Every structure is written in C-alpha cells, then in structure tokens.
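Right, one structure below, let's go through it.
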Amino acid sequence: MEVNITINGSEHASDVEPRTLLVDHIRRTVGLTGTHVGCDTTSCGACTVLMDGTPVKACTVLAAQADGSEVTTVEGLKGADGLHPIQSAFTDDHGLQCGFCTPGMMLVGASLIAENPDPSDDEVRWAISGNLCRCTGYINIVKAIQTAAARVAESSNGS
Amino acid sequence: MVAPTTPAEIGGIGHSLQRKEDARLIEGQGNFLDDIDLPNTLHMAILRSPLAHARINGIDSEAAMALDGVLAVVTGDLMDQHGLAWMPTLSGDTQAVLATDKVRYQGQEVAAVIATDPYIATDALELIEVDYEELPPITTPQQSLEEGAALIRDEKEGQTDNLAYTWETGDQGATEEAFAKADRVVTLETHYPRSHPAPLETCGIVADINSVTGQATIYMTSQAPHAHRTLFAMVAGLPEQNIRIVSPDIGGGFGNKVPIYPGYVVATAASLLIGQPVKWVESRTENLISTGFARDYYMKGELAVTDEGRILGLRVNMLSDQGAFYSDAQPTQFRAGLFHVVTGSYDFPAAHIDCKGAFTNKAPGGVAYRCSFRITEASYLIERLVQNAAYEVGIDPAEMRLRNFIQPEQFPYETATGFVYDSGDYPTALRTAMDEVGYEDLRREQAEARAEGRLIGIGIAHFTEAVGAGPSRTYDIAGLKMIDSAELRVHPTGKAILKLGVKTQGQGHETTFAQIVAEVLGIPANDIKVEHGDTNHTPYGLGTYASRSTPVGGAATAVVARKLADKSKKIAAHLLEAADEDIELASGVFSVAGSPDRSVTIQDVALAAYTNLPEGMEYGLEDVTYYDPPNLTYPYGSYIVVVEVDPDTGVWQVQRMVALDDCGVRINPMIVEGQICGGLTEGFAMSAMQWITFDEDGNCIGANFMDYLVPTAWETPRFELLATEVPSPHHPIGAKGVGESATVGSPAAFVNAVIDAVAHLGVRNIDMPVLPDRVWAAIEEAS
Amino acid sequence: MFPSRFDLVVAQTVAEAVEAKVDAGEGGRFLAGGQSLIPMMKMRVAFPETLIDINRIGGLDAIERANGHLRVGALVRHADVVASDATFGAVASAAPWVADPLVRNRGTMCGSVAHCDPEGDWNSVLFATGADVIAQGPGGERSISIADFVDGAFTSTLGEEELVVGLRIPVPSGRSGGAYLKLERKIGDYATVAVASHLELDDSGAISAAGLALTSVNPINTKVGDAEALMVGQQPSEELFAEAAELAAAAAEPRDDVRGTAAWKRQVVRTYTKRGLAAAAQQAEGS
C-alpha cells in the first residue's frame, strides 16, 4: 500500500506491505540507519523516533500507521544552526558509550526539554524509563539532558 | 590524582578529553552491523529447537523451499556434507553448528533459511517441519551428575557421563592443616545465577564471499576480529590471506561478542555456496536463549578463621552449569577461568579450589560477561564469606577486612593460588570509602532504625581483579597467545594514525589510545586517528575482553610511541645539531638540555623523517609493537552500599552507593568514571533482577526483555565515585584496566547490604537475584 | 522478528470499522495503540488475517467528565490519561504506572481494557470504581459493566463484531479517594501484584462506597466484593483495613513463579491493600 511519510522534513512516498514496521521502513526503505533495533518486545527504545512530535517505539508502529505523519529521527535533530543542544550535551557530558541507545535517548530528551525546561533528576529518569542503556548507568544521560535543558533555557532567555 | 603533564591542547594522559567517536554516533552516522547494506544481500533466519532435549527424526523443508523469495534451507545434513556440522569451542569441546542428531537445548540451531528479505526468511521458518522425539531434559548440574542421568553428549567419543571437566588448584594439605588450626569454620553455599551480557545491539554477521576470487569479507559483531580470522581459517579451512574480518561500530559487547556462534558459520557457508552476501542479525530472543550466557556457578566456600578474626585458609567446591557444550571463552590452562583469584584481597597462607562442570540441556556459553574469566564469581564468593565470617566472629565486617588485608608493604604478593599481585593499598581504599559514606554514623543509624522496626543494611565489598591477560608463558586461547599490538605511523605533517589489535565496543579507544600517544610524543590527541576492527588494516591481537585493552593494547601503544620518540630524538638532534643524548622531549617539543631556546617540534621532526634525515637512518616515522605483558594487572576497589528493606514485602531500595576504584593511572578520568557507572549498573542488575532461569522442561525464562530484566534509569541507583591511584609497577603507563571492575565488585556489595539488614535475625544467605520474595521468606524463616 | 502477512483496513468511522470487522470475521482484529498486539504478531503468537486500524476515526480521543462520569474514548492514550485533569483517585494513581512512557504515548486505555490481560492494570481500576465499557456493533451501542465484560484471561464478552468505543467511569460526587499500588520488577513490567482501592465517605466520615480489586493474582482481575461490603458503613481505621486486607489476601490465588512465591504474593496483596486503603482514606478525608 502507498504511504507518504514526512521524515526529517522530506516527504517519502513508498509502496509498502501492510506488515512493514515503521523502523524497517525508515532503515531499509528510506535508508536512515541511525534508528536502531534492540529488542522485539517494545522494551528497549533503541528504535525511538518522534511521530508528530511524540516519542514512540518505531518497532511497534506499522509504517502504514505513520502515513501522513511527520517523523523525526536522529538524523533530523541537527538544524541549520548546527547540532541540537541535546547532541552537544551528550558529547560534553559523556552521555554515550557504544552509541546504540543514543539516538532514542536523545530524541526522548529533546521531547522532554521541549515541554519541561528545567527537569529534575527524577523527571529525566522517569522520562527515559522506556529506553534501555547497557553502558552508561544512565547518570551521564540524565546529566546531558539537564545540560541541554539549561542551554536551551539560557539561549531563549538571552534572545 | 596525578595532574596531567601535557597541556589541554595536546590532551595526553589525565585529560578528560571529549570522545572522538561521539561525532558520528550523535548524528546517527555510526556504522553498526545491521547498517551494512551490500548489493544483492540475502537474509538468513534460523529455525531453533522449541524443546530442550529431543532426537531429530527428520526435517521437511519442502514447503519452505517453495515459498517465493526463499533461496535455500540449510540443515545439519547439508553442513555435514561440507564437514561443518560441528565446530570446536574455545574450551576444547565441540559444538553443533546445525543439529544433526539431537537438539540439546531450547533455542539450539536446527536449520537456516536464506531468502531475499528478512520478513520472508521468517515466514519460511514456520513452514519447516521437524520431527522431534522428546527426551528427558536435564536442567540442573546436580541432576546431570546423578547416577543414571540421561547422557546429553552421547555423540562424544569416550563420554560416559555428563561431566564436562574437573579442575583443582591450591594446596590441599596445607589447607587441611589451616582448617585443623581454626577456631571456627564459616561456610557459605550460594548460586551465582545464569546471566547474559545482553548488549543493546545483538550479534550479527554479513558474510560476503566472492566465489571467483575466494575473497571472504566478513563483517561481524566481533570483540576479537583477528582471533576470529585465524579461527575461521583453522575451522573453515579458508586461506587466511583471503579472510578479512571487519568489526564495525559495536553496540556493546560485554563478552557476548567474543565467541564464534553457529549462525556465523552457517551464514558464511551460505554465502560461499550461493555466491551472494548473506546477512544474519539475531533477534533479541535468539540473543538471550542461544548466545553466550555467563556465570551459573554453584559455590560452596569455607573459611577457616580464628576467634580474633584472622583468616587461616579457604576451601572452595564449585560446580558449574555449562549447558550442552563446554564453550567458555577462557585461557587454555584454566578450566574455570581465573576463578582461583577467589582468595581476594586477603593475606592467608592456604587455599584449595576444587571445580567441576556438568553438561545440562541449556544453551552453552560461559562467556566472561564484563569479567576477566570467572573473576566475578570468585570476588562475589570471598566477599560474601568474609562478611559472614565477621558476623560469626562478632566483629564489624569492615574491621574483619582490615584485619586480613594484604598490606601495602607486602606487594608483590603471591596468593595461595599463585597470582602475584603487583601493587595496592587496600586499607587506604576501604578507609577512604568508609569516611565518605560516614560508616560509623551509619552503623548508629542502623541500630536506631532497628529499634523502630526498620531494616537498614550496610554492605561492603573490597574486590581485587586480575585482568589484562596475559603473559604468553601462561595465557593462550585455543593456542593463540594473548599478546596484543599497536602500529603507529606519523605522517609528514605531524598527524598520526594508530592501528590497534584490540577493538572498542563503546569503551572509547579512539580517544584514550590517542591520548597515550599524545602523552609520549606530544602530538595533539585530536590529530591522531585510531583504527581498529579491520583485520586487513590493523596488526594482529587477541581483542577486547577481560579488561585487556589498556593493560595489553595500551601498553603496546605506549611502547610503540616510545620507539618513535627515540627515533624522533635522533632526528631532532640532527636538526638541532646536538648530541642524541642531550635531546629532551616534553609535550611535543624537543630541546637541547641546558639550552631550552634551541628546540624543534614533533611536527618538524615528522617532516624531517621523510625529508631530512641523519646519515644512514631509514626514512619514515612508523613502527609496530607486539606486547607480551610480564604479569596481569590487579585493579581493586572498595564499594559500600546502604539499603533499606521493607519488612512487610521484602522490597529493598538502595539509599547510597559509594564506589572507590583504583585502576592505577587514569588515561581519561571522564571515560573511566563512565565505565565505572556502567559496570555498577550491571552489578546492581545481577544482584536485583537480571537472570536467566529455566522451568523443569528446560524452557528458558528470560527469553526477551520483558522477562530478562535490564534496569531502566528509574531503578538504577545513584552512584558516588571515589578514586585512589596506585600505578601498576610493570605497565608502561601504570594503568590497570577498569571496564569490568565495577561489575565484578559490586554484586557482593549490594547483596551484603541486604543480608546486613537482616543479619541480626540470623540470615546469612539469599541467592541472587535478591528478589523481594526471597528477602521476605528469609525474614519469615528467621523470625 | 516480523509479523506475518495481513490485510489492513484503515477505518474512518466507527461504522466503517464495525463493517470491516463483520467482513473479516474471526480473522479480523482492531488495531488501536498496538502496543500489545504488534509485539504478539512479531513473536508470531497472534496471526490476524485482517487488521482494522481505528486510529483515524474522529471523535474517539476525548477524556472528559460528563453527566457524573469520566468518559474515555477508544483513542485516548495512556499518556492522555496521565496528563488529564479530569481523572480522579485510582484512575489518576494507576495511569503513570502503566507500561513505560513511550508505550503510554501509543497504547490506549480502551485497548488495554479490551485485551483483558489479568496482569493489566486498568481492569482492576475499573472494578474498583465500578465502570462500564461501551461497545458498538452492527446493532448499535451498548454498555457493559466491567464485571460482565471480563470473561477470563484474555477473553471478554465483547461480541465478535463489536468495537470498544469508550469507557464510562462514575465520578464520586462527595468526598472520595483512591490509589493504585503496583509492585513491578522494573518500569515497563506487568504487575507482580497490584491493588486498586477506591473509597467514598459520607458526611459523618463513614465509608459510603468502597472498591477493591487485585491485579495479577488470579486468572482475571479480581474484585474483592466481601471486603468492599465489609467496609461500607464503617469508619476508616487501621483495623478495618487490616480486616479488608485479610479478605483480599484470601481472594488472591496467585501461583509460584519466577516473580515470587504464592505465599509472598499474598503477603504483598495484604500489605498493599492496607496501604492502598489508607492512602485512599487519607485522600478522601482531605478532599
């Protein structure tokens, strides 16, 4: 069936089988491989993308369900002015090691700070509790999301 | 901490440099296995046994073959025609690639479908009919060794029972004598449950074999690409010069990506036969049920102690559950890895360790999950025993440790099982951690809480690891000596490329190894590109596991950089018209002793190495070093955990976790701390929730992330980190390795804390994972 | 893991969805959030021949109070329930503990109710609050009390051609409180044990209505009717809740499994009932 999904601002019209998972569509048809697959049970969040601004696990959404949606993947975080604050904060605070969970963590983080400009440690931990990381122990991920929030707040105060 | 000797712009040892690998990973430009998309790639799916033990009477793959898009169904019989139905394991056993006679565990590989699309390959699996004849499953090693138990390995010549191996070490006579002199014997029987490393990226392969040229390019999630190339050559008979293993970005390894799995062999054979690339990426369930389990040790430890709390000796009996094939990735000499490091951080003269392993109808593995070959089990046992001994003697568990520690002046110290610990200051480490956590106050609060009916527990673990295998006289895997290498080439403009035999899976080698070179040569770390993982472009080495990258590969890097520094000094002397011995090098500047204004930079020297040399010197500035470490390194740490236990439900919560690590010199403190936080989390996971178990039919419970519990940020405790820095005396830069310390050391600290909360009731053991029902039952039983 | 093949019907109206279900027969299934169904299809334990996607149907995404009820439409996601200020008591207490944050962004409350997983959270809350399920079939709409709706583990009395279009949860008019205490092993886990409590108080402070239901300790979510009856007319007290907790523990028939022993689970039921009722009473007294 024909689906038309806007991914990172570009429209992608494709013919897909109804059973095609959104994550496979993004990775295999569109060719954006920054979105990962880490489990089969909607448990790990490595496949997280933003669907119309809301973080969802793309392994548990059919591509057909995303027809007409705006999807943001990790490749779409960077803007015209360079890296998204969440991306530079992950580097600055050593919020990643192997990097496999990182796209999902950053997208959830970006979505959180868009709604909550000053999240507490508990609020960040709660927000990322649908995403697993095996390397970092989460501490620096939490820190990075808070750093990004502070930087966004600072730049919007400054402007 | 020792202050860095190089300025920040050079970024040598001691700088918390930002990671060079991050740039691609934060933009989704990493190149993980499943991201590799070669033209004409076929996809493989594996049919696995639903039964734990059954004879295969036949496989009907006709309907699967008929499915549109299916190119081949590979069975054990087909593999057998090519001599590949069985393969050797890393412990000298053999393992079925695709089952020909029996299936011996749930999840065992039975057949594989090769199709044009992964969805179709999965569809075809459902069309394969296997005629199984069920056999009684054996799900515990105790059952397995009973008289009359069904023989699991009936295909193995000379095998008449289910015993996989026996091994003993230490001095039995001296240990008996020590026990005869003891005032009391403290005994602990405990099971270190089966676990799985479960990196977030599962294992996978893209095998691309050109049928005309014979060139085999094999992309693999491999922690040890060079060892895998050599083993592929030995097992599959492919000429080694035609094998190129490329290990791309790896989404975590933790030991899971050390072995060669049946799926790799089948995909490679399929690519060879069909002449197209074949990709296989495990599902999470495949990962958890079939590849690389860890632990599963049943341990009985006995400590001989005096009434003054002095340890006189240790006796350990261990029974391991090996699953259906004995395939521990471990040094050949040692049948239970480095489990004999079980004497821990303590000074006592006698120990005897008696080990045996049994086959069961479970997945094989025995990988060193964030662990240097069974050190995790050993560290857990001794630290649990010492706490129990303190309770029996009637002294504080911290005091018990302080009375028995190997003292700083005793190093180098030979343990009762033959390790030569090179350095350490254990009392300072423990006292520092105790001061930080406020140990005396906590003990008072604990007593007050008890009076109110609240249960607070304080658990200590002081671990010593033996990592960085290892010296070639002792350490090999499958005959391959456990050396490692580094090749360094400085280009004419003074930029460098460093090539490693080890392979990062997230540890940050591209940054830290550049820092080692920056430290020695003064080339800015950001001007040094680190390459690893591609066997055609890097020197040979045994790979990254057992915390060996920094101890062995890092040493090789320092040594090769020093070789270039020596040559550079001669070139500098030539440029400065000074004597070789008068040249001093600091932060990339070569100057003449006594006349600091006469100097050239490493960049000047690099250009001269290709343009302006002293007479008789060979052009170029490059070299390679193969490093054979003189000893292992011995990182240690003192961890203290505070918990509160809900007496009504057994639910426990971590209140504090103070972790002091001494890993010697810290190349990049930020990265070191990141490693420690990750390791502590996995230690917490094993103590609290993360395990694989089986029902009596041999069905795996823990086959996906709904049942195999990996903690989220919400459950994970907050950690408070501390450090001391006693350098390794024999490592070129004094580093000891750190990636596994926290996973090795912390489980005992968490469990000890829970036990400590209920120890006054008489509780001395709760097996991991310390599930709330186990805690509640222990309280009920004791009171 | 990948689902097997199916036909997809994207319904624009409830009538279209019901019609598609009639056409598809037994092999048809509705798809809302898909957070249980799609993983089951990927693991190939569910093989629908036709999926009827209801996500595009307008008017089903409201959560609001009307005529003394909290009405929840079929496309209200768990996250919408968390965010809503129309909720109360046990509903508000349970919402954040359903699944994980990302699953809550997709999964729907009605879908979870219709799934009738005995380890699911919502049906206990509906039992405790005395809610109705609204179903629509070819013959029109009907209201089914939750007690009549839940038929067994993963089975309901919903007709083969009916779609759950909403829930109707009575909103207490007087002082009330509720709680949902869930013991889960980690975020995203199903309940090992959970207890939904709901109390309403009259002017004298006595309990005028009580709801108590248990998750994961029986083949279906369990309403503890005798404990509810015991509490009505009584003043809230530790002793009363302890007595109710004993009845709750007796109503639980959990199994020994990897999550824990039956004896321990019963103990958790006892403890969480006491604590849940105390929290509900405290909330009611402060309301």
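The values are calculated or read from the model by the stated rules, or taken from the named source; none is laboratory data. None of the values given here were measured: they were computed from a predicted structure. Cβ atoms come from the backbone with ideal geometry, glycine included; neighbour counts cover every protein chain shown. Surface accessibility is based on the protein's heavy atoms, side chains included, excluding ligands, DNA and RNA. Shrake-Rupley method; radii C 1.70, N 1.55, O 1.52, S 1.80 Å.
So C:Asn123 passes all but one of these: (1) assigned to a helix (DSSP H, G or I); (2) within 17 Å of A:Leu62 (Cα to Cα). Which condition number does it fail?
Of the numbered conditions (1) assigned to a helix (DSSP H, G or I); (2) within 17 Å of A:Leu62 (Cα to Cα), the odd one out for C:Asn123 is (2).
Quick one: count up the residues across the stretch B:765-780 that are outside any helix (DSSP H, G or I) and either surrounded by 19 or more Cβ atoms within 10 Å (Cβ to Cβ) or within 13 Å of chain C (Cβ to nearest Cβ) (or both).
Final tally of qualifying residues: 5.
Looking at the stretch B:304-317 only, could you name the residues that are touching a Phe, Trp or Tyr at 6+ places or on another chain (Cβ under 9 Å) and either surrounded by 24 or more Cβ atoms within 10 Å (Cβ to Cβ) or modelled with pLDDT under 95 (or both)?
B:Ala304, B:Ile311, B:Gly313, B:Leu314, B:Val316
In the set B:Gly438, B:Gly424, B:Gly394, B:Gly457, which member is at positive phi, at pLDDT 95 or above and touching a strand residue (DSSP E or B) at 6+ places or on another chain (Cβ under 7 Å)?
From the options B:Gly438, B:Gly424, B:Gly394, B:Gly457, the qualifying one is B:Gly424.
Scan the stretch A:146-158 and give yes if some residue there is facing another protein chain (nearest Cβ under 10 Å) and surrounded by 23 or more Cβ atoms within 10 Å (Cβ to Cβ), otherwise no.
no
Can you name every residue in the stretch B:600-615 that is among the charged types (D, E, K, R) and closer than 19 Å to B:Leu488 by Cα?
Passing the criteria: only B:Asp604.
Quick check: is even one residue across the stretch A:77-96 farther than 30 Å from B:His15 by Cα and in a strand (DSSP E or B)?
Yes, the stretch A:77-96 contains a residue that is farther than 30 Å from B:His15 by Cα and in a strand (DSSP E or B).
List, please: which pairs have Cβ atoms under 6 Å, are six or more places apart or on different chains, and start with a residue in the stretch C:261-287 that is facing chain B (nearest Cβ under 9 Å) and farther than 20 Å from C:Leu230 by Cβ and end with one that is among the β-branched types (Val, Ile, Thr) and part of a loop (DSSP other than H, G, I, E, B)?
Sorted first by the residue in the stretch C:261-287, then by its partner, the pairs are C:Lys265/C:Val217; C:Val268/B:Thr649.
Filter the strands (runs of 3 or more DSSP E) completely within the stretch B:98-184 down to those with at least 1 residues that are open to solvent by 30 Å² or more (accessible area, probe 1.4 Å).
In the stretch B:98-184, B:129-134, B:163-170 are the strands (runs of 3 or more DSSP E) which contain 1 or more residues that are open to solvent by 30 Å² or more (accessible area, probe 1.4 Å).
Give the residues of the stretch C:56-88 that are farther than 26 Å from A:Arg19 by Cβ, within 14 Å of chain A (Cβ to nearest Cβ) and among the acidic types (Asp, Glu), sorted by residue number.
Scanning the stretch C:56-88 gives a single hit, C:Asp80.
If you go through the stretch B:195-230, how many residues are open to solvent by 10 Å² or more (accessible area, probe 1.4 Å), in contact with a Pro (Cβ under 8 Å, 6 or more places away or on another chain) and either within 14 Å of another protein chain (Cβ to nearest Cβ) or assigned to a helix (DSSP H, G or I) (or both)?
Residues flagged as open to solvent by 10 Å² or more (accessible area, probe 1.4 Å), in contact with a Pro (Cβ under 8 Å, 6 or more places away or on another chain) and either within 14 Å of another protein chain (Cβ to nearest Cβ) or assigned to a helix (DSSP H, G or I) (or both) within the stretch B:195-230 amount to 1.
Here are some residues: A:Glu2, A:Glu11. Which one is open to solvent by 20 Å² or more (accessible area, probe 1.4 Å), without any contact (Cβ under 8 Å) to a residue 12 or more places away in the chain and more than 10 Å from every other protein chain (Cβ to nearest Cβ)? Please lay out each step first, then the result.
Working: A:Glu2 fails: without any contact (Cβ under 8 Å) to a residue 12 or more places away in the chain.
Unique residue meeting the criteria: A:Glu11.
Conditions (1) polar (S, T, N, Q); (2) in contact with an Asp or Glu (Cβ under 8 Å, 6 or more places away or on another chain), marked per residue:
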{"residue": "B:Asp707", "(1), (2)": "no, no"}
{"residue": "B:Glu715", "(1), (2)": "no, no"}
{"residue": "B:Glu740", "(1), (2)": "no, yes"}
{"residue": "B:Thr743", "(1), (2)": "yes, yes"}
{"residue": "B:Ile755", "(1), (2)": "no, no"}
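For the stretch C:1-30, name all the residues that are within 13 Å of another protein chain (Cβ to nearest Cβ) and either assigned to a loop (DSSP other than H, G, I, E, B) or modelled with pLDDT under 95 (or both).
Correct list: C:Met1, C:Phe2, C:Pro3, C:Ser4, C:Arg5, C:Phe6, C:Ala11, C:Gln12.
Anything in the stretch B:656-666 that is in contact with a helix residue (DSSP H, G or I) (Cβ under 8 Å, 6 or more places away or on another chain), crowded, with 24+ Cβ neighbours inside 10 Å and away from chain A (no Cβ under 14 Å)? List them, or say none.
Within the stretch B:656-666, B:Leu660, B:Asp662, B:Cys663 qualify.
So which residues in the stretch C:242-286 are more than 15 Å from C:Tyr180 (Cα to Cα), open to solvent by 10 Å² or more (accessible area, probe 1.4 Å) and assigned to a helix (DSSP H, G or I)?
C:Ala242, C:Glu243, C:Glu246, C:Leu247, C:Ala250, C:Ala251, C:Ala262, C:Ala263, C:Arg266, C:Gln267, C:Glu285, C:Gly286
So, in the stretch C:159-178, exactly how many residues are out of contact with any Asp or Glu (no Cβ under 8 Å at 6 or more places or on another chain) and surrounded by fewer than 21 Cβ atoms within 10 Å (Cβ to Cβ)?
5
Please find, within the stretch A:53-71, the residue that is nearest to the other protein chains (Cβ to nearest Cβ) out of those that are open to solvent by 40 Å² or more (accessible area, probe 1.4 Å) and in a strand (DSSP E or B).
Per the stated criteria, the residue is A:Thr54.
Among (1) surrounded by fewer than 24 Cβ atoms within 10 Å (Cβ to Cβ); (2) modelled with pLDDT under 95, there is one condition B:Val367 misses while meeting the rest; what is its number?
Of everything listed in (1) surrounded by fewer than 24 Cβ atoms within 10 Å (Cβ to Cβ); (2) modelled with pLDDT under 95, B:Val367 misses just condition (1).
Tell me, which residue of the stretch C:202-219 that is surrounded by fewer than 22 Cβ atoms within 10 Å (Cβ to Cβ) and of a type outside the set (D, E, K, R) is farthest from C:Thr155 (Cα to Cα)?
Taking the candidates together, the pick is C:Ser204.
Matching residues to (1) open to solvent by less than 10 Å² (accessible area, probe 1.4 Å); (2) touching a Lys or Arg at 6+ places or on another chain (Cβ under 9 Å); (3) in the same structural domain as B:Arg335 (by TED's automatic domain parsing):
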position	(1), (2), (3)
B:Tyr346	yes, yes, yes
B:Pro349	no, no, yes
B:Asn388	yes, yes, no
B:Asp396	no, yes, no
B:Glu399	no, no, no
B:Pro408	no, no, no
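Just the residues that are open to solvent by less than 10 Å² (accessible area, probe 1.4 Å) and hydroxyl-bearing (Ser, Thr, Tyr), please, taken from the stretch B:626-644.
As a first pass, look at the stretch B:626-644 and keep what is open to solvent by less than 10 Å² (accessible area, probe 1.4 Å): B:629, B:632-643.
Scanning the stretch B:626-644 gives B:Thr633, B:Tyr634, B:Tyr636, B:Ser638, B:Tyr639.
From B:Ala573, B:Ala565, B:Ala578, B:Ala546, which residue is in a loop (DSSP other than H, G, I, E, B), touching a strand residue (DSSP E or B) at 6+ places or on another chain (Cβ under 7 Å) and without any contact (Cβ under 8 Å) to a residue 60 or more places away in the chain?
B:Ala578
When residues of the stretch B:8-49 are filtered for being basic (Lys, Arg), under 29 Å from B:Val672 (Cβ atoms) and open to solvent by 20 Å² or more (accessible area, probe 1.4 Å), how many remain?
2
In the stretch C:63-91, what count of residues is obtained for those that are small (Gly, Ala, Ser), open to solvent by 20 Å² or more (accessible area, probe 1.4 Å) and in contact (Cβ under 8 Å) with a residue 60 or more places away in the chain?
Total satisfying the criteria: 1.
Collect the residues in the stretch C:31-55 that are more than 10 Å from chain A (Cβ to nearest Cβ), open to solvent by 60 Å² or more (accessible area, probe 1.4 Å) and touching a residue at least 12 places away in the same chain (Cβ under 8 Å), keeping them in residue-number order.
C:Phe47, C:Glu49
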